[in-house]
Amino acid sequence: MRRTFVDVLCQLAAEDDRIALITGDLGYMALEPFRDRFPERFLNAGVAEQNMLGVATGLAEAGFRPYVYSIAPFASLRPFEFIRNGPVAHRLPVRIVGMGMGFDYGHSGFTHYAVEDIGSLRTLLGLTIVVPADSAQAAAALRDTRDVPGPVYYSLSKDQSDPLPPLHGRFALGEVQRVREGRDVALVAMGGISLEVVAAAEELSSRGVEAAVLVVSNFSPDPANSLAAALAGVRQAVTVEEQTSSGGLGAFAASVIACHGLQCRLEMIAVAAPPDGTSGKRAERWRKHGLDRSAIVRRALEALGR
């Protein structure tokens, strides 16, 4: 998604001279196309993410559309107060790009894991949050949110993720995308792990269980009505996310089920263990935290009582 982000941002910047890009001393061998094409609108703020958000807030107040770029936890958690008191409080069009969703930076360790950013940022009312499932949806989301009047946070995968074929790049604020039909259980996914969820659904099908797959890619406006409609008549839902269960997709689905009075049980698959000092590739992290396809299949079958 990183290459997609830069390509689309260059296209948008060519159409709108208010767009600027600020990096927190990251993005080498990635952001150069923007830097070389629009040098007067490119700024390296250094390893000073709070100041980076302050500069972006000032630029937005002056009429620019600044995009700030850093590794996801550095773009979201480190400057949290500056996001809250700056672009959120003043409804300014600052775009925050958190690169490396979930366990993307596997070997870099816990400091680089983005497993709390969505749950934390969902507490900021008025901040639109976008979590694409693949690069095509990321491109559509960047274009569709270009004119959102308030701030936006993008959680992007640092690698050019494999496409999620049933999705076909579909994106709409406040909407859930259905990528697979199924009558027995609904698997609700968010972000790059959606491809693993679809693979789990295919394995469930080989075992005689037909699983629908729903992709949640944005919050605020929350897709509550869309998810409620998709879960109506479903007796078992399973959420899957590279986030802690507190405040993330599972918590959102639970509130939708409760507030809409749905007759639907919910199983949450999320990062449940605290950091233990280990690191590893993304796939290994998925296995460790029970997020891989075999674990999803097992948990779904257990939830169904099979």
(request) Would you mind telling me the share, in percent, of accessible area of segment 1-112 contributed by carbon and sulfur at probe 1.4 angstrom? (result) 54
(request) Among Asn225, Phe110, Val238, pick out the residue whose Cα is farthest towards the positive end of the charge dipole of the chain, where Lys and Arg carry +1 and Asp and Glu carry -1 on C-beta, about the Cα centre. (result) Val238
(request) Quick one: angle between helix 249-259 and the longest Cα principal axis of the chain, in degrees between 0 and 90, rounded to 10, please. (result) 60
(message) For Asn225, project a label point 7 Å along Cα to C-beta. Then give me every residue of segment 103-146 with its amide nitrogen under 16 Å of that point.
(response) none
(request) Springs between alpha-carbon atoms under 10 Å, Gaussian network over the chain: tell me which of Arg293, Arg282, Arg207 tops the mean-square fluctuations. (result) Arg207
(request) Report, in debye and to the nearest 20, how large the dipole of the chain comes out about its Cα centre when Lys and Arg carry +1 and Asp and Glu carry -1 on their Cβ. (result) 400
(message) Keeping every protein chain present and rolling a 1.4 Å probe, give me the accessible area per residue for segment 98-228 in Å².
(response) 32
(message) No solvent, one uniform scatterer per C-alpha: report log10 I(q)/I(0) for the chain via the Debye equation at q = 0.14 1/Å, two decimals.
(response) -1.00
(message) Along the Cα→Cβ direction, 7 angstrom out, place labels at Gln263 and Glu210. What is the inter-label distance in nm?
(response) 2.0
(message) Test of understanding: what is the full-extension gain from Lys288 to Asp159, defined as 0.36 nm times their sequence separation minus their Cα-Cα distance?
(response) 44.3 nm
(request) Counting only heavy atoms of the protein chains, get the accessible area per residue of segment 254-306 (1.4 Å probe) and round it to a whole Å² value. (result) 56
(message) Using a Förster radius of 25 Å, what is the FRET efficiency between Arg84 and Ala172 based on their Cβ-Cβ separation? Nearest 0.05, please.
(response) 0.40
(request) Can you tell me how much longer the chain between Thr111 and Ala199 gets when fully stretched, taken as 0.36 nm per residue apart minus their C-alpha distance, in nm with one decimal? (result) 28.8 nm
(request) Mind giving me the nanometre distance, one decimal, between the label points for Glu61 and Asp17, set 7 Å out from Cα along Cα→Cβ? (result) 2.4
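The values are calculated or read from the model by the stated rules, or taken from the named source; none is laboratory data. Fair warning: this is a prediction, and the values are worked out from it, not measured in the lab. Cβ atoms come from the backbone with ideal geometry, glycine included; neighbour counts cover every protein chain shown. Just so you know, the surface numbers come from the protein's heavy atoms only, side chains and all, with ligands and any DNA or RNA stripped out. Shrake-Rupley method; radii C 1.70, N 1.55, O 1.52, S 1.80 Å.
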